[in-house]
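Visitor: First the structure, which I've put down as structure tokens, then a few questions once you've had a look.
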Amino acid sequence: MTKEEGRRLKNEAETQFLDYAVQKGIFATRRGWPDFACFLPDGELIAVEIKRNSRHCLKESQLRIMRALSKFGVPCYRWTPDGGFERVKGGGNGKG
């Protein structure tokens, strides 16, 4: 059983969808999405996950989503007040 399987969500329609996805072998999750989808002045879309400081790493669920977004050409970043923007690439601890 996955973490998502058997979960009851506040929205019954979402629960029904999640049950359907599990039955069909679809990995569906609400976890790990970046904190911000940002549109730059030139129209480029980037994804940004915010952490309190540069010692805080991305969670595995966050890395999974960001790796998938990167495959579709969406640049992904981790941002911290003390470290600024750091590009999230294909693996590692989310520090670039």
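Visitor: Could you list all residues from the range 13-44 that are in contact with a strand residue (DSSP E or B) (Cβ under 8 Å, 6 or more places away or on another chain) and among the small types (Gly, Ala, Ser)?
Guide: Listed by number, the list holds a single entry, Ala37.
Visitor: Okay, next question. Filter the range 13-35 down to residues that are part of a loop (DSSP other than H, G, I, E, B) and among the aromatic types (Phe, Trp, Tyr), then give me how many there are.
Guide: Total meeting the criteria: 2.
FYI, it's all coordinate maths here, none of it is from the lab. As the structure is a computational prediction, the values presented were derived from the model and not from experiment. When we count neighbours, we look across all protein chains shown, and the Cβ atoms used for this are built from the backbone with ideal geometry, even at glycine.
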